[in-house]
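None of the figures in this text is laboratory data; all of them are computed from the coordinates on show. Just so you know, these numbers come straight off a predicted model, no measurement behind them.
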Amino acid sequence: MLAVRPAKLNDLDAITEIYNEAILTTDASFDIEPKTDAEQRVWFDSHGHKYPILVVELDGVIVGWAALSEWSDRCAYADTAEISLYGKEGFRGKGIGRKILEEIVVEGEKAGLHTIIARITEGNSESVHLHESVGFEHIGIMKEVGQKFGRLLDVRIMQKIYPSKS
Ligand SMILES: CC(C)(COP(=O)(O)OP(=O)(O)OC[C@H]1O[C@@H](n2cnc3c(N)ncnc32)[C@H](O)[C@@H]1OP(=O)(O)O)[C@@H](O)C(=O)NCCC(=O)NCCS
């Protein structure tokens with residue numbers, strides 16, 4: 001059974017394992033080197049109520065995570081976040097990504113965010129599909145902004161704006 005909950009510090013090793021596998025084997029992340037525990041601790045500590053991290057468990061095993069991270073440290077951007085979403089290798093394509101994406105979008109609204117930005121490597125049609133299905137719109141394409149595994153990569157920007165409460 002799938003269960004989504006806020007991440008705790010002792011989930012960080014499982015989160016890091018999932019992320020580092022994706023760094024090494026996919027172009028979804030533009031990181032090239034695996035993250036160290038110390039780097040991940042800084043990342044974890046930069047999240048909280050306003051910028052949540054969620055994990056999804058399958059029968060008690062963490063099989064994915066999602067985060068809403070600060071888009072910029074310039075104060076006027078405070079209600080804008082960037083989404084990250086990773087499923088564990090071997091468990092993809094089974095509804096885990098959809099489940100945690102739907103939940104983190106709800107958490108972002110509860111946290112008082114106004115908008116979420118997604119940067120998706122061009123060609124990741126599964127991720128584009130999932131984001132569209134929870135209300136993200138296409139904003140544009142940044143051409144040839146990354147290079148990984150010997151290929152120049154375009155990045156699609158998608159955005160979800162929460163309805164105004166007024
Ligand atoms: C992207 C990712 C998080 C999705 O998680 P997942 O558990 O594999 O996804 P799900 O099984 O919940 O959903 C996949 C959806 O994509 C659809 N899909 C599958 N292949 C597709 C394709 N080639 N094109 C479009 N849609 C596709 C599925 O039908 C499903 O949609 P549905 O729920 O409407 O039926 C996961 O594959 C992953 O971690 N990939 C590597 C890292 C990554 O790309 N992260 C996203 C960075 S933006």
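Given the options G140, G48, G150, which has the most mean-square fluctuation in a GNM of the chain, springs set between C-alpha atoms less than 10 angstrom apart?
Highest fluctuation among the options: G150.
If each residue of separation counts as 0.36 nm, what is the full-extension length gain between D37 and R92 once their alpha-carbon separation is subtracted?
17.4 nm
So how much slack lies between L58 and D13, counting 0.36 nm per residue of separation and subtracting their Cα-Cα distance, in nm?
The L58-D13 span can extend by a further 14.6 nm.
Which of the pairs K8/K99; K50/K148; K94/K143; K94/K165; K110/K143 have their Cα atoms more than 29 Å apart in this structure?
From the list (K8/K99; K50/K148; K94/K143; K94/K165; K110/K143), the Cα-Cα distance tops 29 Å for K50/K148; K94/K143; K94/K165; K110/K143.
Relative contact order for the range 54-131: what percent, with Cα pairs under 8 Å and sequence separation of 6 or more?
Reported as a whole number, the value is 30 percent.
Would you mind telling me which residue in A28, A118, A76 has the biggest mean-square fluctuation in a Gaussian network model of the chain, where springs connect alpha carbons within a distance under 10 angstrom?
So, out of A28, A118, A76, the one fluctuating most is A76.
For the chain, modelled as a Gaussian network with Cα springs under 10 Å, which listed residue fluctuates most, E132, E102, E33?
Residue with maximal mean-square fluctuation among E132, E102, E33: E33.
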